[in-house]
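I have placed the structure first, in the form of structure tokens, so that the comments after it can refer back to it.
The values are calculated or read from the model by the stated rules, or taken from the named source; none is laboratory data. Remember, it's a predicted structure, so these values are computed and weren't measured experimentally. Cβ placement follows ideal geometry from the backbone for every residue including glycine, while neighbour counts extend to all protein chains displayed. The area values use the complete protein model at the heavy-atom level, side chains included, leaving out ligands, DNA and RNA. Shrake-Rupley method; radii C 1.70, N 1.55, O 1.52, S 1.80 Å.
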Amino acid sequence: MTGRLTYSQAFAEGVSEEMRRDPAIIVLGTDMRVRGGHWSQMTGIGQEFGPTRVFDTPISEAAMVAAGVGAAVTGLRPIVDLNFVDFAFGAMDEIINQAAKLRYMIGADVPVVVRATAGIAGGAEQHNNSLDMWFAQTPGLLVAVPAFPDDNKALIKTALRGQDPVVFLMHKKLTGFRGPVGGENDLLEFGRAIVRRPGNTLTVVAYGHMVHVALKAAETLAADGIDAEVIDLRTIMPLDLATVETSVRRTGRAMVVTDAPVFGSIASEVAAEIQEFTFSWLDAPVLRVGAPHRPVAHSQPLLDTIAPDEARVVEAARRLAGWSI
């Protein structure tokens, strides 16, 4: 199928290739074997690999993650699919106290991937959140936040060949986004950000769906003579600060975009790192653009005020470009 695939198809292709390569990889989750997941992220995998490797579990996130962690420490490589990241709250002990810490407690590798769909798109307060920082703050976990189909495929393949527990977050709004993908041997190292759009006026750092918002904003800004460089983090643990700092030292201005609440977010962490390590190069304060500190609404007019859109990024960038110290 390799070629131009949707974001979800790219993930499914990466998983299928790795399952053919490694018989230790199994899948656990709800609606996996026939439906292929709520987001088509496992389409065809149940039919190809059958009930001995793809397991439809009860609707208990604690049970499915616990089973995945147990399987991982005894030699398998499970993918536990939670469908919505919001459901991870039902399995936080298993993710945070078990998967992330067992290596430090008993010396066992825990090569489990916990996949979930995240981000603000619709679904009201309990199915519509960006919880990436909850996992990135936990020592022992890796966290992937791919923005494009090729990275989605390459990062899941890398995750399934590693020895670390990985939280793999796929944004709802990217489910049907199409793009080219690599082949069976194209992997992507965690902790490698990429410059998606070069520029000289200011640096915009983003991840997941916010990369696409930032790229659209950059095109609008270009008409005003503001040349924005856009960096896609791709993973937030580990975090590639070297790429960010190199850019900021050249542009002298930086902003970080997230669809999570700004308080205590990845945007806040990256902004603090920029301020700490590139202070002498800055010509303006580092800006953060994100969601307000309130539950995500179901009402569309209210929902439109929460996740940053192109207009909000453009407004912040214009303010940043005109700032003088």
When residues of segment 235-264 are filtered for being in contact with a Ser or Thr (Cβ under 8 Å, 6 or more places away or on another chain), closer than 22 Å to PHE148 by Cβ and among the polar types (S, T, N, Q), how many remain?
2
One residue is enough: does segment 27-49 have a residue meeting the conditions under 23 Å from GLN163 (Cβ atoms), touching a Gly at 6+ places or on another chain (Cβ under 6 Å) and modelled with pLDDT of 95 or more?
yes
Matching option when the condition is of a type in the set (Gly, Ala, Ser) and surrounded by fewer than 20 Cβ atoms within 10 Å (Cβ to Cβ), among GLY322, GLY290:
GLY322
For GLY119, state whether it is open to solvent by 20 Å² or more (accessible area, probe 1.4 Å) and either aliphatic (A, V, I, L, M) or farther than 18 Å from ILE231 by Cα (or both).
no
Just one listed residue, out of PHE87, PHE168, PHE135, is aromatic (Phe, Trp, Tyr) and assigned to a strand (DSSP E or B), and it is PHE168
I need the full set of residues from segment 187-199 which are in a strand (DSSP E or B) and crowded, with 18+ Cβ neighbours inside 10 Å, in order please.
ARG196
For segment 1-44, name all the residues that are over 15 Å from LEU82 (Cα atoms) and of a type in the set (Lys, Arg).
ARG4, ARG20, ARG21
For segment 50-85, how many residues meet the condition of being under 12 Å from ALA12 (Cβ atoms) and either of a type in the set (Asp, Glu) or open to solvent by 10 Å² or more (accessible area, probe 1.4 Å) (or both)?
1
Which numbered condition trips up GLU310, out of (1) more than 16 Å from the chain's Cα centre (by Cα); (2) over 19 Å from HIS212 (Cα atoms); (3) among the charged types (D, E, K, R)?
(2)
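Quick check on THR235: is it open to solvent by less than 20 Å² (accessible area, probe 1.4 Å) and touching a residue at least 12 places away in the same chain (Cβ under 8 Å)?
Yes.
Per-residue answers, yes or no, for (1) on the phi > 0 side of the Ramachandran plot; (2) surrounded by fewer than 24 Cβ atoms within 10 Å (Cβ to Cβ); (3) touching a helix residue (DSSP H, G or I) at 6+ places or on another chain (Cβ under 7 Å):
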{"site": "THR201", "(1), (2), (3)": "no, yes, yes"}
{"site": "HIS212", "(1), (2), (3)": "no, yes, no"}
{"site": "ALA217", "(1), (2), (3)": "no, no, yes"}
{"site": "GLY252", "(1), (2), (3)": "yes, yes, yes"}
{"site": "ILE266", "(1), (2), (3)": "no, no, yes"}
{"site": "VAL270", "(1), (2), (3)": "no, no, yes"}
{"site": "GLU273", "(1), (2), (3)": "no, yes, yes"}
{"site": "ALA297", "(1), (2), (3)": "no, yes, yes"}
{"site": "PRO301", "(1), (2), (3)": "no, yes, no"}
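Give me a count of the residues in segment 138-150 that are part of a helix (DSSP H, G or I) and open to solvent by 10 Å² or more (accessible area, probe 1.4 Å).
1
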Unique match (being among the hydroxyl-bearing types (Ser, Thr, Tyr), part of a strand (DSSP E or B) and either touching a Gly at 6+ places or on another chain (Cβ under 8 Å) or open to solvent by 20 Å² or more (accessible area, probe 1.4 Å) (or both)) among THR305, THR258
THR258
Within segment 66-88, the residues that are of a type in the set (Phe, Trp, Tyr) and either at pLDDT 95 or above or touching a helix residue (DSSP H, G or I) at 6+ places or on another chain (Cβ under 8 Å) (or both) are PHE87
Is there a residue being more than 21 Å from the chain's Cα centre (by Cα) and open to solvent by 30 Å² or more (accessible area, probe 1.4 Å) anywhere in segment 6-14?
no
